[in-house]
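A.B. asks: Below is one structure. I have some questions about it.
The values are calculated or read from the model by the stated rules, or taken from the named source; none is laboratory data. Because the structure is predicted, anything quoted here is derived from the model rather than measured. Note that we place each Cβ from the backbone using ideal geometry, even for glycine, and neighbour counts take in every protein chain shown. Just the protein is used for accessible areas: all its heavy atoms, side chains included, with ligands, DNA and RNA removed. Shrake-Rupley method; radii C 1.70, N 1.55, O 1.52, S 1.80 Å.
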Amino acid sequence: MKKLLQHIAFFSALVFILSAPVSAIGIMPLASSHIESTDCHIAVSSSNLVTVYFSIEGTDFMSELGASMIRVQRSTDGINWEICDTYWASDHPEMMGSGLTFNSSITYQGQAGYQYRAFIYFHAKNSSGTRTAMAYAY
Amino acid sequence: MKRTHNSQWALTAMTGEELEQALHRELSSKKPNWDAAGQYLHEQHRRVRQQRELTPEEQDAYREFLQAQQQITESEKRPLRRPLRPLLATAVAVCLLIAIATVSLGTGGVYGSWSADYFHLIGHPDAAVPVPADYVFRTERPELQKIYALVVQEFGEQRIVPTWIPEGYTQEELGVWDLSHAVYSFLTSGDHRISISFTEYREKSPRNYSKDNMIPFVYEVAGVSHYIFSNAGRWVAVWEVNGLECKISTSCSKETLFCIVDSIYEEIE
């Protein structure tokens, strides 16, 4: 009986682990009732100008829709990342808008020899509340 | 009471009163302890043996009786282990099914990955889905015609724009996201809205779609796998074809969404 209970406990733990969320790197579950989709990516020009593009679509009209924070990071090996700069919507009005959808970009002057990524904190707000979503842009 | 044929020996070796006591003691309990019964009979045998010498046949019969008693005890224990094998097999099968359900394979090698709250496409079709040579976009809805014109402008001729939407919808927004290289349109009818968008598929940074806590399923039409799920009262269809990530969402019913998707591939005679 003891062994049977041990087996049941083991497989229950296994089922729990396999049922855990499967997602791409850096995506954290939070949004559903305000945010329909988010999109982001990075482009680096020949002069190492890093441009972070992002767009967000709300499930309905939003009074605030956009990115509340963008953090640009760089790495030489793709494993260890260091923060280059952080952009806040309060300092960069072009990061936030309103409506059903919003898309914008920010730029950062990078350097040769690095690969870049950006961590984006999406934001959607209307009369019923606020929702957030996070994603990495590569 | 389970009894082997050799237990007859034990019965004859005991007095009637001793046997009655042994049987009464075990059968009166809710869980007869056959080990205890065997031990009791063994003790009785030992007492009897002290009184007289057993014949070889009686000795053999007694040994067989003890072996049979041991087998009865083991067989009663074994049923406790029997359910374990099918239980383990069932648990392994359930774990495998859950693991498989986290990633689904659609026709052409398109994969969808999701958590409780998000969905995104991973990978892309191994082979492109060619636009039929005789394909002509035909629709009675000017709103859809405008969407198709933008799609051709940005991505060339593609068989991705629906040719039908329910009556009563008007185009609220239509445009191109230059920064994301995407075409989008919102059509509304009162509180209902249909959202249509097409963008380049990016494997390293795929688009993330919010979803309810349901497992997306595949709706296949004309060899294209469309992932269907719901989010905040809206039904969403997401698919990828020829390097383009396509999305249609609506607050209408799931069946209406199917009709909109079907209209993309309808052959006009």
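A.B. asks: Would you tally the residues in the stretch A:90-127 being within 25 Å of B:L174 (Cα to Cα), in a strand (DSSP E or B) and hydrophobic (A, V, I, L, M, F, W, C)?
C.D. replies: Residues meeting the conditions: 6.
A.B. asks: Which one of these does A:D91 not meet: (1) open to solvent by 20 Å² or more (accessible area, probe 1.4 Å); (2) at pLDDT below 95; (3) not polar (S, T, N, Q)?
C.D. replies: Checking A:D91 against (1) open to solvent by 20 Å² or more (accessible area, probe 1.4 Å); (2) at pLDDT below 95; (3) not polar (S, T, N, Q), the one that fails is (2).
A.B. asks: Restricting to the stretch B:246-269, name every residue that is closer than 17 Å to B:V218 by Cβ, not in a strand (DSSP E or B) and not hydrophobic (A, V, I, L, M, F, W, C).
C.D. replies: Of everything in the stretch B:246-269, those that are closer than 17 Å to B:V218 by Cβ, not in a strand (DSSP E or B) and not hydrophobic (A, V, I, L, M, F, W, C) turn out to be B:K254, B:E255, B:D262, B:Y265.
A.B. asks: Among (1) without any contact (Cβ under 8 Å) to a residue 12 or more places away in the chain; (2) away from chain A (no Cβ under 14 Å), there is one condition B:F258 misses while meeting the rest; what is its number?
C.D. replies: Checking B:F258 against (1) without any contact (Cβ under 8 Å) to a residue 12 or more places away in the chain; (2) away from chain A (no Cβ under 14 Å), the one that fails is (1).
A.B. asks: Of the residues in the stretch A:55-89, how many are more than 30 Å from B:L187 (Cα to Cα) and either in a strand (DSSP E or B) or of a type in the set (A, V, I, L, M, F, W, C) (or both)? Lay out the reasoning, then the answer.
C.D. replies: Narrowing the stretch A:55-89 to residues more than 30 Å from B:L187 (Cα to Cα): A:69-88.
Then drop every residue that is not either in a strand (DSSP E or B) or of a type in the set (A, V, I, L, M, F, W, C) (or both), which leaves A:69-75, A:79, A:81-88.
Final tally of qualifying residues: 16.
A.B. asks: Against the definition (farther than 19 Å from B:S197 by Cβ and open to solvent by 70 Å² or more (accessible area, probe 1.4 Å)), how does A:I79 come out, yes or no?
C.D. replies: On the way: farther than 19 Å from B:S197 by Cβ: yes; open to solvent by 70 Å² or more (accessible area, probe 1.4 Å): yes.
So A:I79 fits the description; yes.
A.B. asks: For the stretch B:136-193, how many residues are of a type in the set (S, T, Y), in contact (Cβ under 8 Å) with a residue 24 or more places away in the chain, open to solvent by 20 Å² or more (accessible area, probe 1.4 Å) and in contact with a strand residue (DSSP E or B) (Cβ under 9 Å, 6 or more places away or on another chain)? Steps first, answer last, please.
C.D. replies: Pass one, the stretch B:136-193, residues of a type in the set (S, T, Y): B:139, B:148, B:163, B:169-170, B:180, B:184-185, B:188-189.
Adding the requirement that they be in contact (Cβ under 8 Å) with a residue 24 or more places away in the chain leaves B:139, B:163, B:169-170, B:185.
Remaining after also requiring open to solvent by 20 Å² or more (accessible area, probe 1.4 Å): B:139, B:163, B:170.
Next, from what is left, pick out any that are in contact with a strand residue (DSSP E or B) (Cβ under 9 Å, 6 or more places away or on another chain): B:170.
Summing the residues that are of a type in the set (S, T, Y), in contact (Cβ under 8 Å) with a residue 24 or more places away in the chain, open to solvent by 20 Å² or more (accessible area, probe 1.4 Å) and in contact with a strand residue (DSSP E or B) (Cβ under 9 Å, 6 or more places away or on another chain) in the stretch B:136-193 gives 1.
A.B. asks: Within the stretch A:3-59, which residues are at pLDDT 70 or above, under 12 Å from the mean Cα position of the chain (by Cα), at the interface with chain B (Cβ under 9 Å from one of its Cβ atoms) and farther than 18 Å from A:C84 by Cβ?
C.D. replies: A:S37, A:T38, A:D39, A:S55 - these are the residues of the stretch A:3-59 that are at pLDDT 70 or above, under 12 Å from the mean Cα position of the chain (by Cα), at the interface with chain B (Cβ under 9 Å from one of its Cβ atoms) and farther than 18 Å from A:C84 by Cβ.
A.B. asks: Of the numbered conditions (1) over 21 Å from B:G243 (Cα atoms); (2) surrounded by 16 or more Cβ atoms within 10 Å (Cβ to Cβ); (3) away from chain A (no Cβ under 11 Å); (4) modelled with pLDDT under 90, B:G106 satisfies every one except a single condition; which is it?
C.D. replies: The failed condition is (1).
A.B. asks: Just to be sure before I move on: is A:S68 touching a residue at least 12 places away in the same chain (Cβ under 8 Å) and among the small types (G, A, S) in the structure I sent? Give the derivation first.
C.D. replies: Values: touching a residue at least 12 places away in the same chain (Cβ under 8 Å): yes; among the small types (G, A, S): yes.
When the stated conditions are applied, A:S68 passes them.
A.B. asks: If I go through the stretch B:202-217 residue by residue, how many of them are more than 9 Å from chain A (Cβ to nearest Cβ), assigned to a loop (DSSP other than H, G, I, E, B) and surrounded by fewer than 19 Cβ atoms within 10 Å (Cβ to Cβ)?
C.D. replies: Initially, the stretch B:202-217 is screened for residues more than 9 Å from chain A (Cβ to nearest Cβ), giving B:203, B:214-217.
Filter again for assigned to a loop (DSSP other than H, G, I, E, B), leaving B:203, B:214-216.
Filter once more, so that each one left must be surrounded by fewer than 19 Cβ atoms within 10 Å (Cβ to Cβ): B:203, B:214-215.
The total comes to 3.
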